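Chemist: Structure incoming, see below.
Just so it is clear, none of the values below were taken in a lab; they were calculated from the coordinates. The model shown is predicted, which means the values in this text are computed figures rather than measured ones. With ideal geometry, Cβ positions are generated from the backbone for all residues, glycine too; neighbour counts draw on all protein chains shown.
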Protein chains: 2
Amino acid sequence: MDGTSRLHVDGDRLWSRLMAMAEVGATAAGGSNRQALSDDDADGRALFVEWATSIGCTLATDAVGNLFARREGTDPDRSPVVLGSHLDTQPTGGRFDGVYGVLGGLEVLSTLAEHGVVTAAPLEVAVWTNEEGSRFPLSMMGSAVWAEASDLDEVRALADVDGVSVGAELDRLGWSGDLPLGRELAAYLELHIEQGPVLEASGSEVGVVVGVQGFRWLTVTLTGDPAHAGPTPMDLRHDPARPLAEVLDGLYRIAAERGPWARATPAQFRSEPVSPNTVPATIRFSVDIRHPEADVLDGMDAELRALVAEAAERHGCGWEIAVDNDSPPVAFDPACVEAVAAATAATGRSHERIVSGAGHDACYVASRGPAAMVFVPCLDGLSHNEAESIEPGQATVGAEVLLHAALSLAG
Amino acid sequence: MDGTSRLHVDGDRLWSRLMAMAEVGATAAGGSNRQALSDDDADGRALFVEWATSIGCTLATDAVGNLFARREGTDPDRSPVVLGSHLDTQPTGGRFDGVYGVLGGLEVLSTLAEHGVVTAAPLEVAVWTNEEGSRFPLSMMGSAVWAEASDLDEVRALADVDGVSVGAELDRLGWSGDLPLGRELAAYLELHIEQGPVLEASGSEVGVVVGVQGFRWLTVTLTGDPAHAGPTPMDLRHDPARPLAEVLDGLYRIAAERGPWARATPAQFRSEPVSPNTVPATIRFSVDIRHPEADVLDGMDAELRALVAEAAERHGCGWEIAVDNDSPPVAFDPACVEAVAAATAATGRSHERIVSGAGHDACYVASRGPAAMVFVPCLDGLSHNEAESIEPGQATVGAEVLLHAALSLAG
């Protein structure tokens with residue numbers, strides 16, 4: 001092995017940067033709120049740019065605001081090895097989801113700069129735009145546009161609840177740049193907290209991620225007849241809360257029948273009118289369904305539709321289901337997966353191969369080039385939660401694996 | 001009988017006023033949106049004031065903006081007979097709820113003015129403030145303050161969803177006047193559409209209302225642990241939508257077990273955070289329960305609390321129930337009820353005695369003096385709905401009954 005095998009990341013530097021980033025949009029409960037394309041998101045990026053500039057990186061964005069910090073290699077003919085994730089968060093987000101992958105990638109470049117190591121291929125750190133999809137309703141938005149899976153103009157037209165569009169925010173922040181979408185990449189590695197309890201339960205220090213569960217976001221609308229809550233007898237109502245009870249009950253059954261990898265999450269409940277003494281005219285909620293196998297996911301979708309239709313019709317209500325997002329299961333590149341596994345072994349860390357339950361920017365990148373992911377365990381599997389937590393030592397382990405996997409891929 | 005027994009209201013005038021009022025805050029679907037203390041509510045009152053002034057009434061408000069149009073009688077020592085209801089509507093309200101009682105009362109005074117009939121007691125038409133309780137969360141607010149069942153300062157501090165207070169709106173509109181609260185009234189009669197299907201089903205032209213169902217408004221909050229919708233296994237979640245399904249199911253059972261007069265209406269569903277891929281931290285909804293007997297209502301309340309506690313605890317969730325409104329069952333004054341029954345018989349209309357399913361300003365007025373109500377059927381029992389409808393002939397019948405009941409009470 002050459003001299004780079006003895007390189008180590010600086011765990012203290014990585015941790016202090018994670019804590020500094022968490023202060024941007026910090027919430028009272030210890031999390032972060034840096035929703036995509038907000039001023040807080042811009043402040044987070046400014047901090048990243050300051051750190052990347054300090055080690056000599058050049059920075060550039062593409063048309064949807066994906067930001068790349070580049071450190072040149074020795075071979076001008078080689079495509080870059082890209083390490084990255086996102087800096088935007090959920091409204092009540094934690095300190096590590098996304099951030100850890102960006103700052104872990106930056107830690108790899110910082111370590112190389114510190115030790116004067118230059119790789120053959122260029123190395124880049126990617127900050128993808130609006131991975132969370134909570135402010136603007138399209139998760140992994142930046143990587144989807146980059147991979148040409150979503151149309152730039154349609155994405156620019158997406159609006160938040162106040163009617164502000166992605167395009168208006170990109171223009172306001174000056175994030176729309178010239179870097180081509182869908183460039184050729186030698187490899188893409190994304191370091192992330194697991195966001196689930198599997199590694200913690202098994203005691204593995206590292207998860208070598210072989211693929212990602214498919215998921216689909218649906219919006220279910222149940223419509224009834226608004227009527228006065230007092231005089232209208234129960235049996236003469238068309239109350240959408242009656243099918244709601246049955247749909248929720250059936251939804252959990254649909255997931256339970258498909259084993260431990262199936263997921264069903266109803267959320268975003270809203271009813272109209274906002275009046276305590278009127279039978280609702282509409283009840284609307286989202287359903288997130290997931291499974292690692294495409295045909296099982298299709299089966300869950302079909303069964304949910306039948307369930308909604310039957311429950312609504314049984315109670316004289318109307319119904320509608322819209323598909324807001326559809327992300328098929330992903331299998332990662334075998335060579336990238338092996339690079340991660342070998343780096344984990346080289347650093348002497350225990351590991352296992354797992355499937356990601358959450359979607360990541362790596363899913364879209366994988367549709368255009370070789371990609372894989374590295375997971376570290378997180379406390380109680382909690383994520384999308386202000387209490388999301390990892391130990392500094394765990395953060396260091398993951399970054400070390402990322403360093404050695406990147407070195408093996410960048411030569 | 002004296003000459004007044006041959007008096008008739010002017011059904012065309014009443015109907016044209018109803019239609020003119022419906023244009024104020026008219027909705028695209030044919031209803032009205034004049035929420036309490038809004039500019040539209042003020043425009044509606046201005047129209048009423050114009051009509052009342054044209055027949056020589058004097059107008060005055062009390063501290064909570066209840067508006068009274070007064071026509072003096074011949075005997076200065078007698079307390080007024082008051083006819084009234086409200087002009088504010090639900091956000092997607094109909095054309096008749098409340099409005100019919102105000103304009104029916106005005107039609108009585110207009111008929112007397114037209115025929116030069118002066119009663120012994122003064123007659124007044126009351127327009128109570130914020131009966132609906134949809135913008136500011138206290139239904140029958142104006143009559144509750146008038147009856148000293150609610151505290152004026154607390155009511156002034158109530159805020160709408162934008163944080164605007166009742167007090168600020170009363171001051172802005174100049175509605176806070178000097179008329180004493182809780183004055184002595186000789187009698188109070190409220191004409192209203194039934195808002196239910198009972199009269200339509202039985203074919204009765206008039207409902208002689210003997211009392212009002214008690215009701216209670218509760219807000220149920222279920223709390224879980226926000227977690228990422230992908231990686232978090234179903235059996236490790238604390239998902240508040242699980243107890244929600246059970247609570248809704250049980251709520252309908254609680255009502256069904258208590259016979260045809262029991263009502264249960266879940267509404268105003270809201271969950272946080274607004275994110276499709278996060279298990280909700282909280283789900284909140286209102287429950288409106290009603291019954292004509294106080295002990296049965298208490299039993300429904302107690303059973304609902306047990307249901308919420310058990311369902312939440314079964315799924316590792318937290319729960320809380322707040323009481324937002326509590327209106328006990330009301331029995332109307334026998335003499336007022338008989339005056340209505342006699343007037344109905346005198347006009348030759350078919351009628352039956354019924355219990356109101358909805359709360360009305362008459363409930364609070366009844367706590368301070370003699371009161372009763374007159375109902376007319378409405379199409380399909382629909383109310384709190386833009387499609388709320390009555391026929392012009394039905395409107396005339398109710399106003400005619402109100403006229404003769406008022407004459408018998410005012411001497």
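Chemist: Suppose every Lys and Arg Cβ carries +1 and every Asp and Glu Cβ carries -1, with no other charges. What dipole size does region B:162-222 come out with about its Cα centre, to the nearest 20 debye?
Modeler: Computed charge dipole of region B:162-222: roughly 200 debye.
Chemist: I want to verify a result. In a Gaussian network model of chain B, Cα cutoff 10 Å, which of these has the top mean-square fluctuation: B:85, B:110, B:204?
Modeler: B:204
Chemist: Taking Cα pairs under 8 Å and at least six residues apart, what relative contact order does region B:51-116 come out at, in percent?
Modeler: Computed value for region B:51-116: 26 percent relative contact order.
Chemist: A follow-up question, please. Please get the size of the charge dipole for region B:214-327, origin at its Cα centre, with Cβ charges of +1 on Lys and Arg and -1 on Asp and Glu, quoted in debye to the nearest 20.
Modeler: The dipole magnitude comes to about 300 debye.
Chemist: What residues qualify as long-range amide H neighbours of residue A:383, i.e. H under 5 Å apart, gap of 5 or more or another chain, H built at 1.01 Å from N?
Modeler: Under 5 Å from the amide H of residue A:383 lie the amide H atoms of B:228, each far enough along the sequence or on another chain.
Chemist: What residue among B:260, B:294, B:227 has its Cα farthest toward the positive end of the dipole of region B:214-327, where the charges are +1 on Lys, Arg and -1 on Asp, Glu, each on the Cβ?
Modeler: Value computed over the given set: B:227.
Chemist: State the answer as a single residue: which of B:199, B:175, B:129 lies farthest towards the positive end of the charge dipole of region B:110-208, with beta carbon charges of +1 for Lys and Arg and -1 for Asp and Glu, about the Cα centre.
Modeler: Sorting the options by dipole projection puts first B:175.
Chemist: Okay, moving on. Could you check the spin-label model distance between residue B:75 and residue A:367? Points 7 Å from the Cα along Cα→Cβ, value in nm.
Modeler: For residue B:75 paired with residue A:367, the spin-label model returns 8.5 nm.
Chemist: Spin-label point model (7 Å from Cα, Cβ direction): what's the residue B:342 to residue A:10 distance in nm?
Modeler: My value for the distance between the label points is 9.8 nm.
Chemist: Which residue is it, in chain A, whose C-beta lies closest to the A-to-B rotation axis, and what is that distance in whole Å?
Modeler: Residue of A nearest the axis onto B, distance in Å: A:269, 2.
Chemist: Ok, one more. Which is the longest run of chain B containing none of the GluC sites (Glu not before Pro) found in DSSP loop states (not H, G, I, E, B) with at most 12 other C-beta atoms within 10 Å?
Modeler: By the stated rule (loop sites, at most 12 other Cβ atoms within 10 Å), B:24-183.
Chemist: So, one more: Net charge around residue A:87, counting only other residues with Cβ within less than 12 Å of its Cβ (Lys, Arg = +1; Asp, Glu = -1)?
Modeler: -4
Chemist: I need the inter-copy label distances for residue B:259: point set 7 Å along Cα to C-beta, values in nm with one decimal, smallest first.
Modeler: 5.5
Chemist: With N denoting the number of residues in region B:239-388, provide Rg(C-alpha) divided by 2.2 N^0.38 Å, to two decimal places.
Modeler: Cα-based Rg divided by the globular estimate yields 1.35.
Chemist: What residue among B:268, B:35, B:90 shows peak mean-square fluctuation when chain B is described by a Gaussian network model with Cα springs under 10 Å?
Modeler: Top of the fluctuation ranking is B:268.
Chemist: To continue, here is another question. Compute the FRET efficiency between residue B:149 and residue A:333 as 1/(1 + (r/R0)^6), taking r as their Cβ-Cβ distance and R0 = 56 Å, and round to the nearest 0.05.
Modeler: Here the calculated transfer efficiency is 0.20.
Chemist: Taking the number of other C-beta atoms within 10 Å as the exposure measure, put B:219, A:58, A:344, B:396 in order starting with the fewest.
Modeler: Fewest to most other Cβ atoms nearby, the residues stand as A:58, B:219, B:396, A:344.
Chemist: Whose amide H sits under 5 Å from the amide H of residue B:89, counting only residues 5 or more places off or on another chain, with H placed in the peptide plane?
Modeler: Long-range HN contacts for residue B:89: B:34, B:35, B:36.
Chemist: Moving on to the next point. Could you run the Debye sum over the Cα atoms of the protein assembly as shown, one equal point scatterer each and no solvent, and tell me log10 of I(q)/I(0) at q = 0.05, 0.10 Å⁻¹, two decimals?
Modeler: Cα-only, vacuum Debye calculation for the protein assembly as shown: -0.37, -0.96.
Chemist: Right, something else. Quickly estimate the mean residue ellipticity at 222 nm for chain A, helices only: each DSSP H run with n ≥ 4 gives -39500 (n - 2.57), and the total goes over all residues, rounded to 500.
Modeler: It comes out at -11000 deg cm²/dmol, rounded to the nearest 500.
Chemist: Under 5 Å between amide H atoms, partner at least 5 residues away or on a different chain: which partners does residue A:319 have, H built in plane at 1.01 Å?
Modeler: Correct list: A:223.
Chemist: Return a whole-number percent for the relative contact order of chain A, with Cα pairs under 8 Å and 6 or more residues apart as the contact set.
Modeler: RCO, chain A: 24 percent.
Chemist: Show me the three semi-axes of the equivalent ellipsoid for region B:147-292, from the C-alpha gyration tensor (sqrt of 5 times each eigenvalue), largest first, rounded to whole Å.
Modeler: Output for region B:147-292: semi-axes of 39, 27, 12 Å.
Chemist: If you take the beta carbon distance between residue A:26 and residue B:202 as r and set R0 to 51 Å, what does 1/(1 + (r/R0)^6) give as a FRET efficiency, to the nearest 0.05?
Modeler: After rounding, the FRET efficiency stands at 0.20.
Chemist: Now for a different question. In whole Å, how far is the Cα centre of region A:125-152 from that of region A:217-252?
Modeler: So the separation of the two Cα centres works out to 35 Å.
Chemist: Describe numerically, in nm with one decimal, the distance between label points set 7 Å from Cα along Cα→Cβ at residue B:43 and at residue A:295.
Modeler: Result: 6.1 nm between the two label points.
Chemist: Sum up the charges of everything whose Cβ sits under 11 Å from the Cβ of residue A:226, counting Lys and Arg as +1 and Asp and Glu as -1, but leave residue A:226 out. Numbers along the way, then the final one.
Modeler: Values: positive: A:237; negative: A:225, A:239, A:272, B:386, B:388.
Counting the neighbours of residue A:226, the net charge comes to -4.
Chemist: Follow-up question, since we're still on this one. When each copy gets a label point 7 Å from Cα toward the beta-carbon at residue A:157, what are the spacings between them in nm, shortest first?
Modeler: 4.9
Chemist: Let me ask something additional. What does DSSP give for the protein assembly as shown in terms of the percent of beta bridges that are antiparallel, rounded to the nearest 5?
Modeler: 65 percent
Chemist: So what's the angle, to the nearest 10 degrees on a 0 to 90 scale, between helix B:334-346 and the longest Cα principal axis of chain B?
Modeler: So the inclination is approximately 60 degrees.
Chemist: Still on this structure, please answer the following. Measuring label to label, 7 Å along Cα→Cβ, what does residue B:306 give against each other copy in nm, shortest first?
Modeler: 3.8
Chemist: Could you give the dipole magnitude of chain B about its Cα centre, charging the beta-carbon of Lys and Arg +1 and that of Asp and Glu -1, in debye to the nearest 20? Don't skip to the end; give the middle numbers.
Modeler: Working: 27 positive and 61 negative charges, 66 e Å.
Computed charge dipole of chain B: roughly 320 debye.
Chemist: Between B:299, B:167, B:98, find the one with the highest GNM mean-square fluctuation for chain B; connect C-alpha pairs within less than 10 Å.
Modeler: Judging by the Gaussian network model, the answer is B:299.
Chemist: If you don't mind, there's one more thing I want to ask. How large is ³J(HN,Hα) for each residue in region A:143-157, as worked out from phi by the Karplus curve 6.51 cos²θ - 1.76 cosθ + 1.60 (θ = phi - 60°), to whole Hz, x for Gly and Pro?
Modeler: Here the 3J(HN,Hα) series is 6, 5, 5, 4, 7, 6, 8, 10, 7, 4, 5, 5, 5, 4, 7 Hz.
Chemist: Pop out the ³J(HN,Hα) list for region B:269-285 in order, Karplus 6.51 cos²θ - 1.76 cosθ + 1.60 with θ = phi - 60°, rounded to Hz; leave Gly and Pro as x.
Modeler: In residue order, the calculated couplings are 5, 8, 10, 10, x, 7, 8, x, 10, 9, 4, x, 6, 9, 10, 10, 7 Hz.
Chemist: When a footprinting reagent is the concern and you count Cβ atoms within 10 Å, what order do B:300, A:141, B:234 take, fewest first? It would help to have the intermediate numbers written out before the result.
Modeler: Details: B:300 22, A:141 29, B:234 18.
Fewest to most other Cβ atoms nearby, the residues stand as B:234, B:300, A:141.
Chemist: Further, regarding this structure: Kindly provide the pair-distance distribution of chain B built from C-alpha pairs, with 20 Å bins from 0 and whole-percent values in order of increasing distance.
Modeler: Once binned at 20 Å, the Cα pair distances of chain B give 27, 54, 17, 3, 0.
Chemist: Related question: Angle between the Cα long axis of helix B:99-114 and the longest principal axis of chain B, 0 to 90 degrees, nearest 10?
Modeler: 10 degrees
Chemist: Quick check: net charge around residue A:349, other residues with Cβ under 12 Å of its Cβ, Lys/Arg +1 and Asp/Glu -1?
Modeler: On the way: positive: none; negative: A:205, A:352, A:400.
So the environment of residue A:349 carries a net charge of -3.
Chemist: Where Rh denotes the Kirkwood radius from the mean inverse Cα pair distance, what is Rg over Rh for region A:214-327?
Modeler: 1.03
Chemist: How far, in degrees from 0 to 90, does helix A:39-54 lean away from the longest principal axis of the Cα atoms of chain A, to the nearest 10?
Modeler: 10 degrees
Chemist: Let me ask something additional. Please find the FRET efficiency linking residue B:159 to residue A:326, where r is the Cβ-Cβ separation and R0 is fixed at 30 Å, and quote it to the nearest 0.05.
Modeler: So the FRET efficiency works out to roughly 0.15.
Chemist: Right, something else. Quick one: compute the contact order of region B:214-327, relative version, from alpha carbon pairs under 8 angstrom and 6+ residues apart, as a percent.
Modeler: 47 percent
Chemist: Please report A:390, B:55 as a ranked list, fewest other C-beta atoms within 10 angstrom at the top and most at the bottom.
Modeler: B:55, A:390
Chemist: In whole Hz, with x marking every Gly and Pro, tabulate ³J(HN,Hα) for region B:231-236 from phi via Karplus 6.51 cos²θ - 1.76 cosθ + 1.60, θ = phi - 60°.
Modeler: x, 7, x, 4, 7, 9
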